[in-house]
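Everything below concerns the one structure shown next.
The values are calculated or read from the model by the stated rules, or taken from the named source; none is laboratory data. Bear in mind that the values here come from a model prediction, so they are computed numbers and not experimental data. Positions of Cβ are generated from backbone atoms using ideal geometry, with glycine treated the same way; all protein chains shown enter the neighbour counts. Side chains included, ligands, DNA and RNA excluded: accessible areas come from the protein's heavy atoms. Shrake-Rupley method; radii C 1.70, N 1.55, O 1.52, S 1.80 Å.
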Amino acid sequence: MKTNKSILTDTFGREHTYLRISLTERCNLRCSYCMPEEGIFLSPKSHIMTYNEVYTIAKTFVDKGVTKIRLTGGEPLIRKDIPIILKKLASLPVELTITTNAVLVDRFIATFKTCGIKNINLSLDTLDKKKFNHITRRNYFEKVFENIQLLVKNGFTVKINTVLIKGFNDNEIVDFIALTKDLPISIRFIEFMPFDGNNWNISKMVSYNEVMQQLSVFYSDERIEKLQDASNDTAKNYRIYGFKGTFAIISSVTSPFCDSCNRLRLTANGRLKNCLFSSTESDLLTLLRAGKSIEPIIEKAVNAKFKVRGGMDTLKKLQQPKLHSQNRSMITIGG
Ligand code: SF4
């Protein structure tokens, strides 16, 4: 029994070894379920962490037990100093990973390799060019698809995150799975979640059960293999027998996986979120800039973490819009 509790272990005994860092609130796409129609209030540049501040804060977490860092955004690759950030963080003893919308990854293949990045998560919600242009409000479908092939060809482990929305892409589930027949990638279907400004309604969400029902009808249960999920894994993993790739479902709404949560989030303006759904944040950046230790406020934030979904532990609570608006929009959290 560990005597001295790490500052990254919460009151439920969950050790937080995974830090997700949002590097920017900006993005080169305008996905409607992420970026509110009316746009968002962007923090002034002076409020955004510099690359040295990203490194210093990240190092504090690594010294306290973080072993994995994921870089997110907005779109992390649009930050001009991203090569410096990648090189600095690559000097830390962590698994460095990134989530990107893949529009710019072709420019970073060599940098990713130099920085030891092996796992890359991409966001892609449709295989239909028209729909892509509609939901992202940009015309980059071919570029994204080419870059997926390029990453696979260069030996990266590629996971594609797909937010399922009823009436939009729930008729493409089988098409996405078909990609895994010949491509060694993992398609991860994400239950649509409520965040400020994304007009979420549970009727728009495609649940874990609905996905599995569609697949058992199309492929039959005999052909669907349940794979071993890693500990702390947010996804339930499967493979169609004989396919090179796999698929998974992230069911934060219908069956949350908070018991084994090991994730903390740092926003681009240096605020610590102890949960994706938490409406409270701790300002690390102001303390750091004042030359003060950030460890006490990190410990306080971790100890204040709710057991489930930032306190929205029931579907009834999760469906209260006023709770959603107390949180940020997805684009400034970084998923
Ligand atoms: S909802 Fe919050 S507590 Fe649950 S898994 Fe996600 S980040 Fe962790």
Checklist outcome for this item: Length-normalised contact order of the range 18-333, Cα under 8 Å, at least 6 apart, in percent, tallies to 19 percent
Next on the checklist: Not counting ligands, DNA or RNA, and with a 1.4 Å probe, what is Tyr51's accessible surface area in Å² rounded to the nearest 10?
Outcome noted: 80 Å²
Checklist entry - Using the Cβ atoms and a cut-off under 13 Å, what net charge is assigned to the surroundings of Asp313, where Lys and Arg are +1 and Asp and Glu are -1? => result +4
Checklist outcome for this item: In terms of the alpha carbon gyration tensor, root eigenvalues a ≥ b ≥ c, rounded if a/c is under 1.5 and otherwise prolate when a/b exceeds b/c or oblate, the range 210-250 is oblate
Item to check | Helix 141-153 vs. the chain, principal-axis angle (Cα, 0 to 90°, nearest 10) | outcome: 80 degrees
Checklist entry - Which whole-angstrom value gives the distance between the alpha carbon centres of the range 109-176 and the range 260-301? => result 30 Å
Checklist entry - Accessible area, 1.4 Å probe, largest first: how do Leu19, Leu287 sort? => result Leu287, Leu19
Checklist outcome for this item: With Cα coordinates, the longest principal axis of the chain makes an angle with the long axis of helix 208-219, in degrees rounded to 10, of 30 degrees
Checklist outcome for this item: In whole angstrom, the spacing between the Cα centers of the range 185-206 and the range 25-76 equals 21 Å
Next on the checklist: If I fit a long axis through the Cα atoms of helix 51-63 and take the longest principal axis of the Cα atoms of the chain, what angle between them do I get, 0 to 90°, rounded to 10?
Outcome noted: 90 degrees
Item to check | Environment charge of Gly242, counting only residues whose C-beta is closer than 10 Å and scoring Lys/Arg +1, Asp/Glu -1 | outcome: +3
Next on the checklist: On a full-extension model of 0.36 nm per residue, what is the gain between Val174 and Lys129, subtracting their alpha-carbon distance, rounded to one decimal in nm?
Outcome noted: 14.5 nm
Item to check | Arg289/Phe257 FRET efficiency (R0 45 Å; Cβ-Cβ; nearest 0.05) | outcome: 0.80
Checklist entry - What pairs from Lys59/Lys88; Lys153/Lys244; Lys45/Lys87 go past 18 Å between their alpha carbons? => result Lys45/Lys87
Next on the checklist: Under 10 Å, Cα contacts only: if you run a Gaussian network model on the chain, which one of Gly74, Gly311, Gly242 comes out with the highest mean-square fluctuation?
Outcome noted: Gly242
Next on the checklist: Rounded, prolate or oblate, given the Cα gyration tensor of the range 180-334, with a/c below 1.5 counting as rounded?
Outcome noted: prolate
Checklist entry - Over the range 90-136, what relative contact order in percent results from Cα pairs under 8 Å that are six or more residues apart? => result 42 percent
